[in-house]
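The values are calculated or read from the model by the stated rules, or taken from the named source; none is laboratory data. Bear in mind the structure is a predicted one, so any value in this text is a computation, not a measurement. Using ideal geometry, Cβ is built from the backbone for each residue, glycine included, and neighbour counts are taken over all protein chains shown.
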Amino acid sequence: MDISISFGYETKCYEDEMIQEIFIKAEDYMYKRKLFESSNMRGKTIDTIINTLNEKNKREEQHSVRVAELCELMGKNIGLPKRKIQELKNAGLLHDIGKIAIEENILNKPDRLTEDEYNEIKRHPEIGYRILSTVNEMSEIAKYVLSHHEMWNGEGYPKGIKDIDIPFESRIISIVDAYDAMTSERPYRKALSEEFAIEELKRNSGIQFDPELVNVFIEKVLNK
């Protein structure tokens with residue numbers, strides 16, 4: 001078992017300073033330091049989780065990188081500020097981090113998933129949310145990850161929220177994620193054509209996806 005010790009210190013600079021005040025300042029310093037160190041440690045833990053997931057499933061790593069790149073292009077074409085573009089890109093990269101808790105044989109299954117297996121996969125947005133919520137700087141990204149499988153008509157998961165109640169960034173990730181999933185090879189099928197994927201996005205526009213964002217993605221990002 002690893003044991004950690006936190007300590008704080010303060011210097012008594014003036015003779016008339018109360019020793020109790022010195023202790024209060026020292027304790028305050030200790031808690032601030034502890035907060036920083038624990039947040040930093042949680043950040044390192046997330047890095048470890050990402051690396052473990054990537055080792056588990058190389059296909060997921062490549063998918064997440066492509067989703068991140070397409071999210072960045074969407075952000076630029078919409079005219080988001082640089083900070084929001086980076087946040088969106090990071091959310092795209094981390095959107096499937098919750099799959100770390102899903103069994104490898106389900107993630108890599110060469111056949112279509114059973115209903116039970118699909119229900120297991122559906123847990124990953126909430127798991128990802130809980131993981132990312134442990135780091136203060138990722139609280140917003142955690143919300144986007146939680147909602148990236150919600151649907152425009154309210155029939156998605158995990159909460160069943162709809163249209164503009166779904167975070168804007170989650171709506172973008174949803175489109176990009178679906179497009180890349182269709183156009184890349186899956187364990188149970190070959191990659192589908194870009195033309196087919198575009199038609200599917202159009203067909204599900206206003207049902208699964210934000211219709212305005214679908215148009216932006218097709219016209220501005222894919223140049224179609």
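In region 97-117, is there at least one residue being over 21 Å from N51 (Cβ atoms), part of a loop (DSSP other than H, G, I, E, B), among the charged types (D, E, K, R) and at pLDDT 95 or above? Reasoning before the result, please.
Applying the first criterion (over 21 Å from N51 (Cβ atoms)) to region 97-117 yields 109-117.
Filter once more, so that each one left must be part of a loop (DSSP other than H, G, I, E, B): 109-114.
Now narrow it down to the ones that are among the charged types (D, E, K, R): 109, 111-112.
From what is left, the residues that are at pLDDT 95 or above are none.
No, every residue in region 97-117 fails to be over 21 Å from N51 (Cβ atoms), part of a loop (DSSP other than H, G, I, E, B), among the charged types (D, E, K, R) and at pLDDT 95 or above.
Would you point out the residue of region 162-184, among those that are surrounded by fewer than 24 Cβ atoms within 10 Å (Cβ to Cβ) and of a type in the set (V, I, T), that is farthest from G92 (Cα to Cα)?
I164
Quick check on my filter: what residues within region 166-215 are of a type in the set (V, I, T), under 22 Å from the mean Cα position of the chain (by Cα) and more than 17 Å from H63 (Cα to Cα)?
Pass one, region 166-215, residues of a type in the set (V, I, T): 166, 172-173, 175-176, 183, 198, 207, 214.
So of that shortlist, the ones also under 22 Å from the mean Cα position of the chain (by Cα) come out as 166, 172-173, 175-176, 183, 214.
Listed by number, the residues that qualify are I166, V214.
I'd like the full set of residues that are surrounded by 16 or more Cβ atoms within 10 Å (Cβ to Cβ), in contact (Cβ under 8 Å) with a residue 60 or more places away in the chain and over 22 Å from I172 (Cβ atoms), limited to region 110-159.
Residue satisfying the conditions is T134 alone.
Check I172, I207 and return the single one that is outside any helix (DSSP H, G or I), in contact (Cβ under 8 Å) with a residue 40 or more places away in the chain, among the β-branched types (V, I, T) and more than 17 Å from E126 (Cα to Cα).
Values: I172 fails: outside any helix (DSSP H, G or I).
Every option except I207 fails the conditions.
Return the residues of region 77-96 that are free of Cβ contacts under 8 Å to residues at least 24 places away in the same chain, part of a helix (DSSP H, G or I) and aliphatic (A, V, I, L, M); say none if nothing qualifies.
I85 - this is the single residue of region 77-96 that is free of Cβ contacts under 8 Å to residues at least 24 places away in the same chain, part of a helix (DSSP H, G or I) and aliphatic (A, V, I, L, M).
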